[in-house]
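Data block below; observations after.
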Amino acid sequence: MPVTIRHRRAAAFAMPFVAVLGLGLGGCDFDPTSIFAEKYKPEVVPDVPADKLYSDGLAKLEDSDYEGAVKKFDNLDKQYQYSEWSRKALLMTAYANYEGQKYDDAISASKRYLQRHPASKDAAYAQYLMAMSNYKQIPDVTRDQERSEKALVALQELVQKYPTSEYAADAKAKIQITRDQLAGKEMEIGRFYLEKRNFPAAINRFRDVVAKYQTTRHAEEALERLTEAYWALGITQEAQNAAAVLGHNFPESPWYKDAHALLAQGGLEPREEKTSFLSKIYRTVTGKTASAE
């Protein structure tokens, strides 16, 4: 078969390469792949046993090296995915972040744990870590209370989903504290409106406190402030009712004495309207009415 021009060019290109390879064939031990061996030499990284990674993470925790502990538990979670070690590692990641005051990271890890293992024996603890990570970030009452609201939701979910867990009692106590914080914020805003003589806006805030946070320490003041605001607007019947509800539920309160004295200036006494908004709320919460006394 005649050699075409295309074939001759291909043969001409191949000959120098063959000649070069032929230079090393004398000893018959030339390995053409050796020229790539150093560049592409694979690196084998041995797996660290799961129990060793877990122990190392615990040791970091013991030394208060929370960032180091997180790294160990993260590696454990990645190397042994879908295993029992992975489950433990994720929970310990949340705990290490919590102890290291990386609260948002602790919240993220806790959420991941609850998504992956909602029925596990440690789900209540993961929920507790998430709730406490929000709780630890509650600001003072002068600032925005978004974090308080998130803490309240997480704590309430803990009590609802895991009522018999060892964390439920503490959650209930912190729910009351968080509710008190949220009520305090409403009171601060209500007082501001009251001082500015914006009585309708003040009334809305104080009514919110009574409606949502009846069992907090701010309820007494809220009822007295309602008496003040209604009195200032000339709505004496509502002022009398607020004072009466205050007296029925907190008869020894100094706030009741103030409300009573305010009404006395106009020759009036506290008088409850049983069908009123305030009366219905406290009848539901405490079961107390004017006739019950």
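The values are calculated or read from the model by the stated rules, or taken from the named source; none is laboratory data. None of the values given here were measured: they were computed from a predicted structure. Neighbour counts are summed over all protein chains in view; Cβ atoms, including those assigned to glycine, are modelled from backbone coordinates with ideal geometry. To get the accessible areas, we keep the full protein, side chains included, count just its heavy atoms, and leave off ligands, DNA and RNA. Shrake-Rupley method; radii C 1.70, N 1.55, O 1.52, S 1.80 Å.
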(message) Given the stretch 69-134, report the % of alpha carbon pairs whose separation exceeds 17 Å.
(response) 30
(request) Could you order 268, 263 so the one with the most accessible surface comes first? Probe is 1.4 Å. (result) 268, 263
(request) Could you state how much accessible area residue 260 has, in square angstrom rounded to the nearest 10, with a 1.4 Å probe and all protein chains kept in place? (result) 60
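Compare 209, 153 by solvent-accessible area with a 1.4 Å probe and give them largest first, with all protein chains kept in place.
153, 209
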(message) Need one value: the accessible area of residue 277 in square angstrom, 1.4 angstrom probe, rounded to the nearest 10.
(response) 80
(request) Could you pull out every one of the lysines with an alpha carbon less than 25 Å from that of residue 88, ignoring same-chain neighbours closer than 8 positions? (result) 52, 60, 71, 72, 78, 102, 111, 121, 136, 161
(message) Taking loop as defined by DSSP and a crowding limit of 14 other beta carbons within 10 Å, which GluC sites (Glu not before Pro) in the stretch 97-166 fit?
(response) 166
(request) List the lysines whose Cα lies under 18 Å from the Cα of residue 212, skipping any in the same chain that are fewer than 8 positions away. (result) 150, 172, 174, 185, 280, 288
(request) Set the Förster radius R0 to 35 Å, insert the Cβ-Cβ distance between residue 195 and residue 172 as r into 1/(1 + (r/R0)^6), and round the FRET efficiency to 0.05. (result) 0.50
